[in-house]
Amino acid sequence: MAGNDFAARADGIARSVKRPHIPRRPFALTAYGGVGDGKTDNSLAIARAIEACAKAGGGRILLPQGVVLTGPIRLRSRMELHVPKGTRLKFLTDPARYLPPVHSRWEGVELMGYHPLIYAFEEEDVALTGGGIIDGSADDRTWWPWKGPWAGRYGDTPEAERQASDRARLFDMAERGVPVAERVFGEGSRLRPSFFQPYRCRRVLMEDITVEAAPFWQVHPVECSDVTLRGVTCASHGPNNDGIDPESCDRVLIEHCTFDTGDDCIAIKAGRNADGRRLAHPCEDIVIRNCLMKDGHAGVAIGSELTGGVRNVFIHDCRMDSPHLTRALIIKSNSYRGGRIEDIHLRHVRAERVDKAFIQIWMLYEEGEGGGFVPQVARISARDCFVGATERVLVVRGLPAAPIQDLHLADLVVETEAKPSVLVDVSGLKLDNVQVGPRLWTRDYLAGLPGATSIQCDKWAVCR
């Protein structure tokens, strides 16, 4: 995509994203018995403030300075939860507090599950602002052990504390078409809740908030339209602690955010397998700009739950730099998930250090081959980008029945590539002024590189 076309499309999407319309009417939590002493449970005070705000037609709920303890929060329409600088909104960790189950999504599948820490369902004009910290209180003793062993930890976690059996049961229900109301994962289940999940909401804003110690995914808008995430810092290193995961959303702007995460910094999603096909709601028209990605599995991931399709993603003027950032961009699917992924474009991305690959496109993720839903990937580009050091510039593996279409690299400078790139089942590769170390890449050079059989890759697409 030419530079002018990129700018016009990206700017057009960014300008189209509508902000919430929220009355400036204040509701101070202290007026409802709230305190920031780090000891008092403010759940009832927050519920009272939300009720009063809703009855008045909306407004701003203002938290006091200090540590404000609470259980789960459910926001309503035309409502802003304001967490000012100097305030830490800290969540209690008793799972029973996050019941009864609510309508949610877990790894791309609908269910009745634990209440997200902050939740809004079928509302409009919802905001979370203020410069403060929201703290999920998850750690090695609470929430995270439900994952089971991860990153070499929890080797002695009893099987009952692991999510694997609940995860398999949920996915089986979806494949069998069990109604969502009957997919109940409440008391005793181990499917951790998202931190902030607006679900089927219109006009959502999260601004100047730091997220810490999340049980699961940090910021997870689902089936929302007009989502603005600005100045958000995602700083949680637990298992599956993705930073921002827009799923089946329309018109999303992510800007001036910082990521230091235990999983993908940003992961764009659209449902999984049978549920993704049933819901058939793509994630589209997304702009990611002026962000900083530090630790994470990927700066930007597309998938792996992308069955409904992902299109029109524009990533520009971002910096990625960490020896623990595995990839700048990954697109991941398989023939069980399927999905159509098209028009994913990078411009002016500076990746000083990226561990495994600058761009990875992997159609053998997790379950691998054997399904009947072949993913389609087309029109992926990177222009005017810089890479300081990475193991491989490209790790691209399409499928024989569906090669990756129209991969375009232009004006790309890579100072150091430790191992040869890999491209298998790619059609329409285009190179314009791609400099890797002392070599100017050509199609003939790439055609002579060893295939995927010459490297070792696990099902999660980590190649060695």
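The values are calculated or read from the model by the stated rules, or taken from the named source; none is laboratory data. Only a predicted model underlies this, so the values are computations on that prediction, with no experimental measurement involved. Here the Cβ positions follow ideal geometry from the backbone for every residue, glycine too, while neighbour counts run over all protein chains shown.
Values computed for the structure shown
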quantity: Residue tally, condition under 14 Å from Ile302 (Cα atoms), in contact with a Lys or Arg (Cβ under 6 Å, 6 or more places away or on another chain) and not in a loop (DSSP other than H, G, I, E, B), over region 346-394; calculated: 3
quantity: Strands (runs of 3 or more DSSP E) lying entirely in region 219-304 (those with 3 or more residues that are touching a Pro at 6+ places or on another chain (Cβ under 9 Å) and more than 21 Å from Ala357 (Cβ to Cβ)); calculated: 225-230, 250-255
quantity: Unique match (being among the aliphatic types (A, V, I, L, M), under 22 Å from Cys234 (Cα atoms) and in contact with a strand residue (DSSP E or B) (Cβ under 9 Å, 6 or more places away or on another chain)) among Val310, Val354; calculated: Val354
quantity: Number of the exception - Gly271 against (1) over 13 Å from the mean Cα position of the chain (by Cα); (2) crowded, with 22+ Cβ neighbours inside 10 Å; calculated: (1)
quantity: Region 341-362 - residue that is in contact with an Asp or Glu (Cβ under 6 Å, 6 or more places away or on another chain) and either among the β-branched types (Val, Ile, Thr) or under 13 Å from Leu409 (Cα atoms) (or both) and, of those, surrounded by the most Cβ atoms within 10 Å (Cβ to Cβ); calculated: Arg347
quantity: Qualifying residue in region 47-62 (condition: within 19 Å of Pro215 (Cα to Cα), in contact with an Asp or Glu (Cβ under 6 Å, 6 or more places away or on another chain) and modelled with pLDDT of 95 or more); calculated: no
quantity: Any pair with Cβ under 8 angstrom, 6 or more apart, that starts in region 72-101 at a residue that is in contact (Cβ under 8 Å) with a residue 40 or more places away in the chain and within 13 Å of Gly132 (Cβ to Cβ) and ends at one that is of a type in the set (A, V, I, L, M) and surrounded by fewer than 19 Cβ atoms within 10 Å (Cβ to Cβ); calculated: Thr87/Val67; Arg88/Val67; Lys90/Val67
quantity: Strands (runs of 3 or more DSSP E) contained in region 395-451 and holding at least 1 residues of a type outside the set (Ser, Thr, Tyr) and modelled with pLDDT under 95; calculated: 422-424
quantity: Criterion violated by Gly299 - all others in (1) surrounded by fewer than 21 Cβ atoms within 10 Å (Cβ to Cβ); (2) modelled with pLDDT of 95 or more; (3) farther than 16 Å from Ser248 by Cα satisfied; calculated: (1)
